[in-house]
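Engineer: I have a structure here, written as structure tokens, and I will follow up with some questions on it.
The values are calculated or read from the model by the stated rules, or taken from the named source; none is laboratory data. Being a predicted model, the structure only gives us computed values, none of them experimental. Cβ coordinates were reconstructed from backbone atoms using ideal geometry, including for glycine residues, and neighbour counts include every protein chain displayed. Note: areas computed on protein heavy atoms with side chains; ligands, DNA, RNA excluded. Shrake-Rupley method; radii C 1.70, N 1.55, O 1.52, S 1.80 Å.
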Amino acid sequence: MSKNLRGLAWYVEEFLETIVVTRGVSENTVKSYAVDLKQFSIFINKTCSELELITTRTIRNYLYELGHAGLSSRTIARRLSALRQFFGFLLAEKVITSDPTISVDGPLATRRLPKVLSENEVDRMLEFCAKDQSPRGLRRSALLELLYGTGVRASELVALKMGAISRDQTLVTVKGKGGKERIVPINQSAKIALKNWLAVRHLFLSDQKPSAFLFPEKMSRAGHLTRGGLAAMIKKLATDSGMDPDKVSAHIFRHAFASHLLENDANLRAVQQMLGHADISTTQIYTHVLDSRLKALVRTHHPLAKKKD
């Protein structure tokens, strides 16, 4: 295989197949890498003729062009990360003799703090949700209680299977990114909502046929409720309960789960495990919820805070 750029697409495919097999990365991650590497291919096809001619300067020029095009530092950092992974693969396969990304510094991305609902706002939505005792209402309650009670991602929640719930309905086994499993406890409120849902779940089965999914959906090709269906359900609930629908999403319930636990003195490592974060630094972003409480504590109780100018 020639190392010219006409063979780049082939190497990209090899790279994507390799990370699926060796790392078990998610489908969304593979798609993201594919898009990022395609954009890079478009750029270098204008400037280079061989893989070995791609230098550190080439990479820096590419990042400069992305910034000039108005892309955020977060997006540029993600594109650079994809390139690092790809060129690391090429180096390991001896396609190239040096990695042009090694000495390239990424943009200083400011980490955005997640939007978080207050405990009162979550309670208001859950209480409003619980008033609807119809089969769809019971399903919605179970979904929301599990979202807030376990911190699962939307994609993880809708794809849960019946076998993921323990027999006593106190634990749920969640299959997360890369196929990694984690066990999360189910609180009493979620347990009650789940029990009520299971009593009417059969009404959502196609022609009364069994389904392995906890939240089956007749019209879904996947056989279960879709992320889009869950998102629409939450937006409507927000509107109906007097909340701003732009402020509420499944992922914001996940943020609320983590933030409210830490606000009530939960162990950071335990929260990390329940969220399924590989790196604790990802979980640490939620500690921002403690800042306002600590600042208020100092302002209120520190001796110097009581002195007047």
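Engineer: Using mean Cβ contacts within 10 Å as the protection proxy, how do 131-144, 15-28 order, highest first?
Structural biologist: 131-144, 15-28
Engineer: Size of the dipole of the chain about the Cα centre, Lys and Arg at +1 and Asp and Glu at -1 on the beta carbon, nothing else charged, in debye to 20?
Structural biologist: 400
Engineer: Amide H of residue 171: which non-local residues (sequence gap of 5 or more, or other chain) have their own amide H closer than 5 Å, using H built in the peptide plane?
Structural biologist: Amide H to amide H, under 5 Å and 5 or more residues apart or across chains, residue 171 pairs with 166, 186.
Engineer: Right, another one. Would you mind getting me the FRET efficiency between residue 14 and residue 212? Use the beta-carbon distance for r and R0 = 25 Å, nearest 0.05.
Structural biologist: So the FRET efficiency works out to roughly 0.15.
Engineer: With θ set to phi - 60° and the Karplus curve 6.51 cos²θ - 1.76 cosθ + 1.60, what are the ³J(HN,Hα) couplings of region 126-132 in order, to the nearest whole Hz, using x for Gly and Pro?
Structural biologist: 5, 5, 5, 4, 5, 5, 8
Engineer: Hey, another quick one. Have a look at 100, 16, 267 and report the one farthest towards the positive end of the charge dipole of the chain, computed about the Cα centre with Cβ charges (Lys/Arg +1, Asp/Glu -1).
Structural biologist: 267
Engineer: May I ask you to derive the relative contact order of region 51-156, considering only C-alpha pairs under 8 Å and at least 6 residues apart, and to give it as an integer percent?
Structural biologist: 23
Engineer: Counting only protein heavy atoms and a 1.4 Å probe, tell me what percentage of the chain's accessible area is made up of carbon and sulfur.
Structural biologist: Roughly 53 percent of what the probe reaches on the chain is carbon or sulfur.
Engineer: Can you give the accessible area per residue of the chain, in Å², using a 1.4 Å probe?
Structural biologist: Per residue, the chain has an accessible area of 58 Å².
Engineer: Per residue of region 262-273, what does 6.51 cos²θ - 1.76 cosθ + 1.60 with θ = phi - 60° give for ³J(HN,Hα)? Whole Hz please, x for Gly and Pro, Karplus curve as stated.
Structural biologist: Coupling constants for region 262-273: 5, 5, 9, 6, 5, 6, 4, 5, 5, 5, 4, 5 Hz.
Engineer: Something else: Applying the Karplus parametrisation 6.51 cos²θ - 1.76 cosθ + 1.60 with θ = phi - 60° to the phi angles of region 20-29, what ³J(HN,Hα) value in whole Hz is obtained for each residue in order, glycine and proline being reported as x?
Structural biologist: With coefficients 6.51, -1.76 and 1.60, one gets 5, 6, 8, 10, x, 5, 6, 4, 5, 5 Hz.
Engineer: I've got another one for you. At 222 nm, what value in deg cm²/dmol follows for the chain if DSSP H runs of at least 4 each add -39500 (n - 2.57) and the sum is divided by all its residues, to the nearest 500?
Structural biologist: Only helices count here, giving -17000 deg cm²/dmol.
Engineer: If you don't mind, another one. Under a 5 Å amide H to amide H cut-off, with H placed in plane at 1.01 Å, what residues pair with residue 115 once short-range neighbours are removed?
Structural biologist: Result for residue 115 returns nothing.
Engineer: Could you calculate the contour length gain from residue 30 to residue 198, that is, 0.36 nm times the residue separation minus the distance between their Cα atoms, to one decimal place in nm?
Structural biologist: 57.0 nm
Engineer: Just to confirm the filter: which trypsin sites (Lys or Arg not before Pro) across region 204-263 are DSSP coil and have at most 13 other Cβ within 10 angstrom of their Cβ?
Structural biologist: Within region 204-263, the qualifying trypsin sites (Lys or Arg not before Pro) (loop, at most 13 other Cβ atoms within 10 Å) are 218, 221.
Engineer: Starting from 0.36 nm per residue, how many nanometres of slack lie between residue 50 and residue 167 once their C-alpha separation is accounted for?
Structural biologist: Gain on stretching residue 50 to residue 167: 36.2 nm.
Engineer: Taking Cα pairs under 8 Å and at least six residues apart, what relative contact order does the chain come out at, in percent?
Structural biologist: Here the relative contact order equals 15 percent.
Engineer: Calculate the dipole size of region 131-171 relative to its Cα centre from +1 charges on Lys and Arg beta carbons and -1 charges on Asp and Glu beta carbons; express the result in debye to the nearest 20.
Structural biologist: With Lys and Arg at +1 and Asp and Glu at -1, about 140 debye.
Engineer: Between residue 161 and residues 5 or more places away or on another chain, which pairs have amide H atoms under 5 Å apart, with H built 1.01 Å from N, and which residues are they?
Structural biologist: 214
Engineer: Can you figure out the FRET efficiency of residue 68 with residue 105, using R₀ = 22 Å and their beta-carbon distance, to the nearest 0.05?
Structural biologist: Computed FRET efficiency for residue 68 and residue 105: 0.80.
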